[in-house]
Every structure is written in structure tokens, then in C-alpha cells.
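First comes the structure, then the notes that go with it.
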Amino acid sequence: MSPVILAIESSCDETSASVIRHGKVLNNVVASQSIHHKYGGVVPELASRAHQRNIVEVVNDAMVSSGISKDELDAIAFTRGPGLMGALLVGVSFAKGMALALNKPLIEVNHMEAHILAHFIDEPRPAFPFLCLTVSGGHTQIVLVKDHLHMEVLGETQDDAVGEAFDKGAKILGLPYPGGPLIDRYAQLGNAEAYSFSETNMPGLNFSFSGIKTSLLYFLRDEKLKDAEFVDKNLHDICASFQKALIRMLLQKLTKASRETGIRQIAIAGGVAANSGLRKELGGLAQKHHWHVFIPDFQYCTDNAAMIAMAAHYKYLKGQFTDMGVAPLANMSIS
Ligand code: KG4
Ligand code: ZN
């Protein structure tokens with residue numbers, strides 16, 4: 001049977017709800033929390049409170065615009081983890097309350113698996129097995145995707161995520177949070193060969209992004225001693241060079257993973273998959289290595305409930321439901 005599911009996402013700083021019917025996503029309502037901008041990063045307690053304020057309206061919008069009544073739902077899905085504990089708690093509790101009130105089954109979804117399954121929202125869809133480079137504010141992983149529900153992490157960051165490197169780099173440059181999209185924008189206007197930063201090469205398919213951030217910090221400290229306006233005068237070139245180094249680190253490992261596994265179906269997912277430089281470089285590699293590359297629509301790169309709904313659809317088909325005693329799992333890993 002092809003289900004109708006309401007899905008809720010609340011792992012970080014977007015409150016989102018989506019309705020999926022017969023495997024087709026009907027909508028994707030997202031309320032982004034702007035409260036964090038003035039603090040230069042996501043403040044967990046403020047995120048939970050904003051989720052509490054937003055969730056009723058967001059879920060209601062998704063239900064109303066889907067044209068589906070609550071009685072028609074076959075299940076309620078939610079992000080169980082990974083994410084911020086207080087933020088997850090809001091979505092999990094809301095989903096449980098709704099499931100209880102409507103007497104519907106619950107489906108828990110892993111946020112990182114859902115980022116990958118965003119590739120199944122629209123055509124073209126990757127064929128199994130494929131490799132997915134999942135790049136977000138909290139994670140950087142290369143995942144072997146065997147089917148919708150079987151995935152294996154081949155490598156991941158041992159410290160900062162690449163999105164964090166973008167955001168921390170932007171903060172060092174005095175740019176507001178979240179800095180990733182701004183670095184992307186300025187990088188398009190700059191010379192990526194202007195400066196170089198020390199890139200860490202970890203063993204195997206793992207990553208490390210804390211060193212390059214420190215390299216940027218020390219580079220700017222030295223340059224500012226010579227010219228206090230160095231950043232203002234060279235912002236575009238600094239962004240372009242820093243972004244290029246981050247992308248090179250990502251794509252080196254992705255190339256290695258493809259070579260080692262022999263898999264040439266390559267996908268990217270997560271917030272940093274919105275980066276125009278990464279998308280462009282990936283296009284170049286696709287030609288060089290004869291890869292078939294899959295890049296999600298922008299709205300499905302950053303956090304959204306449509307991807308949670310897609311993941312829940314496949315779990316429903318396999319009868320994978322969750323009992324009412326479920327609690328959030330802040331450090332949930334890919335099974
Ligand atoms: O997947 P996501 O929305 O949330 C997490 O699960 O973390 O990813 C957010 C991250 C942030 O670090 C943000 O700066 C980064 O994605 N990001 C970008 C771009 N758009 C979002 N980084 C680089 N270039 C972009 N265009
Ligand atoms: Zn995410």
C-alpha cells in the first residue's frame with residue numbers, strides 16, 4: 001500500500017513539515033530561524049524555543065496546503081537524530097502527541113540518511129549502489145548507499161564539518177552567520193589562486209577541517225599586521241581561495257572513494273551541496289572520470305522535511321515503525 005505521511009524536521013534551526021502521498025512530496029514548509037544571526041551561530045536553547053513557537057503553524061500550513069485531512073494520514077514521521085537535543089525534542093514530542101491523538105503509527109528518521117534520500121524526491125534518481133558526499137553544518141561523510149535503507153559510512157570528518165569550516169572561516173572574516181552562502185557569493189567574484197592555506201590530508205577516506213580554519217586565522221593575523229585593511233581590500237580573493245581549498249579536500253576523497261569502490265554514480269547532499277563552486281568542480285570531475293553526478297534541488301540541500309518524508313515513505317513500505325517510548329538521539333549514526 002502506498003502511504004500518506006506527515007513528516008516533521010526540527011534537528012537544528014529550521015522548523016519544517018511536509019506531506020508525502022504515494023511517494024510524491026506534496027509540499028515542503030520551512031520556517032528558518034533568524035534569531036541566531038546576531039549570535040554568530042545556532043544557540044541551542046533559542047533554537048528549541050523557536051521550534052516550539054513555529055511548529056503548530058508550520059505543521060498546519062503543510063496539512064492545509066496538501067489538501068489532505070488528518071484522518072487520511074497513514075503515519076507521522078519525525079527526525080530522531082542526529083541534531084540538537086532540545087530542538088529534536090520539540091519535533092519528537094509533537095509527532096508523538098499527534099500520533100497518539102490521531103491513533104496513527106510513528107516513523108523515526110535519521111537526518112543524515114534523509115539528506116541522502118532527498119535524491120529520490122525528483123527525477124533523475126541515482127541507481128544503487130551509489131556514493132554520496134554528505135556535507136552539512138554538522139557532518140561531512142562519504143556514504144556507500146546500497147539501497148534506500150542500507151547505507152555505510154566509508155569516511156567522515158574527525159573534527160569540524162565542512163559547513164562549520166565555511167561558517168567559522170566567515171566569522172574570522174567578520175561575516176555574519178551562516179557564512180557559507182556568503183563565502184560562496186564573494187568567491188564567485190574573486191581569484192581562487194590568490195592565496196593558499198594548509199590542507200590536511202587524513203588517512204583513508206576521513207577528513208579534518210580544523211587545521212585549515214586555523215591556517216586562515218594565522219594568515220589573516222599576519223597580513224593585518226602589515227595592512228589593517230587587508231580583509232576589506234581582498235575579501236573576494238580570500239573567499240575564493242579558502243573555498244577552493246575546502247572543495248579540493250572534499251573532492252580528493254570523493255575521487256579516492258570512487259576509485260576504490262569502482263562506483264561512478266556520485267551524489268552530493270546537505271547544506272554545502274548548495275555551494276556553486278562545489279557544483280561546478282563536480283561537473284568537471286564528472287567529465288574527467290565519466291561519473292554520473294546527482295545534485296539535489298537547492299531547497300532539498302539545506303534542512304527540510306521533504307527529505308524526512310521521503311525517508312519515511314521507504315520505511316513505511318518496509319513496515320519499520322517506532323513505538324511511543326521513542327526519545328531523540330542527538331548523536332544518532334547511520335545504521
Ligand atoms: O544541511 P544544513 O542545512 O544543516 C545541517 O544539518 O547542518 O547545512 C547547513 C550548512 C551551514 O554550515 C551553511 O553555511 C552551509 O550549510 N551552506 C553553504 C551554502 N549554503 C549553505 N556552504 C557553502 N556554500 C553555500 N552556498
Ligand atoms: Zn542537515
Exercise. When all C-alpha to C-alpha distances in the chain are sorted into bins of 20 Å, what percent of pairs does each bin hold, rounded to whole numbers?
Worked result: 32, 55, 12, 0
For this session: Give the accessible area for ARG125 in Å² (nearest 10); use a 1.4 Å probe, count only protein heavy atoms, and leave out ligands, DNA and RNA.
Result: 90 Å²
Seminar exercise, completed: Restricting to Cα pairs under 8 Å and 6 or more apart, the percent relative contact order of the chain works out to 25 percent
Exercise. Of all accessible surface on the chain at a 1.4 Å probe, what whole percent is carbon and sulfur?
Worked result: 51 percent
Problem set entry | DSSP-loop GluC sites (Glu not before Pro) across region 188-297, with at most 11 other Cβ within 10 angstrom | GLU193, GLU229
Exercise. What order do you get for 230-242, 71-83 when each peptide is scored by the mean count of other beta carbon atoms within 10 Å, highest first?
Worked result: 71-83, 230-242
Seminar exercise, completed: Once CYS301, CYS12 are ranked on solvent-accessible area with the largest value leading and a 1.4 Å probe, the list reads CYS12, CYS301
Exercise. For the peptides 283-290, 313-320, what is the packing order when you average, over each peptide's residues, the other Cβ atoms within 10 Å and list the highest mean first?
Worked result: 313-320, 283-290
For this session: Mind putting a number on the dipole of the chain about its Cα centre? Charges go on the C-beta only, +1 for Lys and Arg and -1 for Asp and Glu, and I need it in Debye to the nearest 20.
Result: 360 debye
Problem set entry | Accessible surface, per residue, of the chain when the full set of protein chains is kept, probe 1.4 Å, Å² | 43 Å²
For this session: Express in Å², to the nearest 10, the accessible area of ASP61 obtained by rolling a 1.4 Å probe over the protein heavy atoms while all chains stay in place.
Result: 70 Å²
Exercise. To the nearest 0.05, what FRET efficiency results for GLN158 and ARG221 with a Förster distance of 22 Å applied to their C-beta separation?
Worked result: 0.30
Exercise. What is the Å³ per residue value for the convex hull set by the Cα atoms of region 126-295?
Worked result: 100 Å³
Exercise. Magnitude of the Cβ-charge dipole of region 206-335, K/R +1 and D/E -1, about the Cα centre, nearest 20 debye?
Worked result: 500 debye
Seminar exercise, completed: Mean separation of Cα contacts under 8 Å (at least 6 apart) over the residue count of region 180-286, i.e. the relative contact order in percent, is 39 percent
Exercise. Let a ≥ b ≥ c be the square roots of the eigenvalues of the Cα gyration tensor of region 162-207; is it rounded (a/c under 1.5), or, if not, prolate (a/b larger than b/c) or oblate?
Worked result: oblate
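The values are calculated or read from the model by the stated rules, or taken from the named source; none is laboratory data. Because the structure is predicted, anything quoted here is derived from the model rather than measured. Cβ: placed from backbone, ideal geometry, glycine included. Neighbour counts: every protein chain shown. Remember, those area values only see protein heavy atoms, side chains included, never the ligands or the DNA or RNA. Shrake-Rupley method; radii C 1.70, N 1.55, O 1.52, S 1.80 Å.
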